[in-house]
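Just below is one structure, and these are the notes that go with it.
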Amino acid sequence: MASVPPEGASAAPGVRLDLLDRRLLFVTGKGGVGKTTVASSLALLAANRGKRTLLCEIDAKGAIADALETGKTKFQPTEVHPRLWAMSMDTEASLREYLRLFLRVPVVGRIGPLARAFEFVATAAPGVREILIVGKLGYEVRERNWDLIVVDASPTGHIIGQLAAPQAINDLVSIGPVRQQTGWILDILSDPLLTGLCIVTTPEEMPVNETIELTHLVRSETSVSLAAIVVNRVLPELFGRREEEVFESLVEPDRAAALAKAVDGDVQPVLDGAGLAVTLRRTGASHLERLRANVDPAVPMLYVPYQFARFHGVRATNQVSAALSAELGY
């Protein structure tokens, strides 16, 4: 599938788009921009390129299962495609694993009372709940269990708190094993060769505004590297300049009437649709020009064409994966 860059926007020259060379990739974006589809597509692309890949869903809403047409994911990774495993986060399961691995506390049966106590502490202390999530992912990276972990992370409004959790815990706890553990997690998150953040957006005003704001917050409040921005649902350019002149002449009432007579049908819906598509394309291009102007030019920007299809699921995920593969030069 060919790349479809918008008018006036392109990736920075000389930048090597090595998005999948990292070990841990967080994918975020405003609700409705296709965050889960892009995360699933990147994981599928990595698996198809021979990487042992883990796709992790943070909110456990089942969106990954829909994107890949698999059964409901659980905390225990399940292979859903050759070399691709999927899991979803679970607070109690993560706490149980933390107690067993790091505090050497044997856990038998359910830990309901302890989990309730944890919820109380997590509500009072910022970063406590998030550290279980980020810590689990960091542990998987440290143990080299996977070539790549792709995280369908929290949306733009919550991702900063998630990525900044280890530092927040460090600020709360000055000594002891918890401080030591957050130290190595911070080392993993801060290494741009290991960890990156991918922001998904669409060529619309609100998603672009949130993306620009998030890029500044990522730089000022976290140590995580911004790996790429994926622009989803980019409309293709229907007409070149000369073709557009012809189209504009056809819109005139007398010529539209002549065309309708020639084809023996109503052509106005087609002309209106084409005009709308041109307007949407140009409006989107202007938003992306603003996005490119307000983001570090070293950050790669990848464009995914609008999928003109009614279907979703693994077929759509495969198409987005192919588009990303073309953008990455694979």
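From the Cα gyration tensor of the stretch 261-330, with a ≥ b ≥ c the square roots of its eigenvalues, which class applies: rounded if a/c is under 1.5, or else prolate if a/b is larger than b/c, or else oblate?
The shape class here is oblate.
Please give the peptides 34-46, 278-290 ranked by average Cβ packing (other Cβ atoms within 10 Å per residue), highest first, as a rough proxy for protection.
In descending order of packing, they fall as 34-46, 278-290.
Keeping all protein chains in place, calculate the accessible area per residue for the stretch 256-312 (probe 1.4 angstrom), answer in Å².
58 Å²
Under the rule of at least 5 residues apart or a separate chain, name every residue whose amide H is placed under 5 Å from the amide H of Leu302.
Under 5 Å from the amide H of Leu302: Ile229, Val230, Val231.
Straight distance only, please: which aspartates and glutamates reach the Cα of Lys72 with their own Cα at less than 17 Å, same-chain residues fewer than 8 apart left out?
Glu57, Asp59, Asp90, Asp152
Share of the stretch 178-325's accessible area from carbon and sulfur, percent, 1.4 Å?
56 percent
The values are calculated or read from the model by the stated rules, or taken from the named source; none is laboratory data. Values in this document were obtained by computation on a predicted structure and should not be read as measured data. Heads up, the Cβs are rebuilt from the backbone with ideal geometry, glycines too, and the neighbour counts pull from every protein chain shown. Note: accessible area is taken over every heavy atom of the protein model, side chains too, but ligands, DNA and RNA are not part of it. Shrake-Rupley method; radii C 1.70, N 1.55, O 1.52, S 1.80 Å.
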